[in-house]
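These notes are about the structure you will find just below.
The values are calculated or read from the model by the stated rules, or taken from the named source; none is laboratory data. Since the model is a prediction, treat every value here as computed from it, not as a measurement. Glycine gets a Cβ as well: all are built from the backbone with ideal geometry, and neighbour counts include every protein chain shown.
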């Protein structure tokens, strides 16, 4: 691991000291948007509201004269409501939940949006060797990170083996035009690792359809940008790190025209007999992650892909993630926990974003 980190080491902006476990509870893998020092202008709209169990935040610069701020927010909320109706696991009659209760072995019609997200999910599933799997929900529930309470005893090998025989995205068959999806086994789909990114893309497409060419769309930390920020410059985003000093920017990146998503494992966990069990489950073995990769940030053309890839990389761990990223030219930035703090690791494709931010 030493040679891996040394070969791809990137500079930090501050020194990293010991980090208390309590601080990790607040490590939301948040992004600081470098527009706070800018003087607000009259032609900047800032819209926000609840969605997908979190909130959306949108900044629009130089909006089109053909649309009003109120009408735009109504359209945005209608689009996000449509995403929820299609893909939420918390709405009993959402398209996704109706499919989960549908017949096994029968090709069922699905919407284009749902088919698009499943198609991308299956692509990342194959590319990651099963590290990204939208059928992992029952395993998450079994370990106490879903609707069910935390288990009094840790799941045993036989219980995990039995569940793993049923799960797996290889049970899914998707055909396009017409869009139909079939389950060969009784798997249940959970798109929570990619739906927020898809929602960001849907809102971005809506804004562009209204003639808006300068925006930042963010939902629960996943974001996409285009054009310029309120000061007229490129959108600069800072990736935070958990240090005792509070909100400290680990590294700033310039991402105008791109999407960015982060996945991490320090917000949601519990301990049993001195062993820490994190909420991220490896679908290949059914167990919580045990490696030292703390966070993964991916930059991509679409937020859905960045969202899914970040989750896959987080499951794989730093070495396998970096190998994949270099092989496919994926822009990824990782923080690996060490005895003294965090070690940053970046792929070759991520370096241009760092270099642009220095200019």
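A single entry from 127, 180 fulfils the requirement of being surrounded by fewer than 20 Cβ atoms within 10 Å (Cβ to Cβ) and under 30 Å from residue 329 (Cα atoms): 127. Candidates in the range 109-124 are the residues that are over 11 Å from residue 99 (Cβ atoms) and touching a helix residue (DSSP H, G or I) at 6+ places or on another chain (Cβ under 7 Å); of these, the one that is surrounded by the fewest Cβ atoms within 10 Å (Cβ to Cβ) is 113.
Taking the range 79-143 as the region of interest, the helices (runs of 4 or more DSSP H) fully inside it that hold 2 or more residues being at pLDDT below 95 and more than 20 Å from residue 176 (Cα to Cα) are 137-142. Farther than 24 Å from residue 138 by Cα and surrounded by fewer than 17 Cβ atoms within 10 Å (Cβ to Cβ): does that describe residue 85? Judged against the criteria, residue 85 is not a match. Listed here are the strands (runs of 3 or more DSSP E) enclosed by the range 204-303 that have at least 1 residues being at pLDDT 90 or above: 215-219, 222-226, 236-243, 246-254, 259-264, 293-300. Looking only at the range 324-355, residues that are in contact (Cβ under 8 Å) with a residue 12 or more places away in the chain, assigned to a loop (DSSP other than H, G, I, E, B) and over 16 Å from the mean Cα position of the chain (by Cα) come to 3 in all. Take residue 321 and decide whether it is assigned to a helix (DSSP H, G or I) and out of contact with any helix residue (DSSP H, G or I) (no Cβ under 6 Å at 6 or more places or on another chain). So residue 321 fails the test.
The residues of the range 157-206 that are on the phi > 0 side of the Ramachandran plot and more than 23 Å from the chain's Cα centre (by Cα) amount to a single one, 177. Select from the range 317-340 the residues that are closer than 17 Å to residue 291 by Cβ and in contact with a strand residue (DSSP E or B) (Cβ under 8 Å, 6 or more places away or on another chain) and list them in ascending order. If the condition is that a residue be closer than 17 Å to residue 291 by Cβ and in contact with a strand residue (DSSP E or B) (Cβ under 8 Å, 6 or more places away or on another chain), then 317, 318, 321, 322, 325, 332, 333, 334, 335, 336, 337 are the ones that fit.
Taking the criterion of being modelled with pLDDT under 80 and surrounded by 15 or more Cβ atoms within 10 Å (Cβ to Cβ), the only residue of the range 155-171 that qualifies is 155. When the range 291-315 is limited to residues that are touching a strand residue (DSSP E or B) at 6+ places or on another chain (Cβ under 8 Å) and over 19 Å from residue 121 (Cβ atoms), the one that is surrounded by the fewest Cβ atoms within 10 Å (Cβ to Cβ) turns out to be 292.
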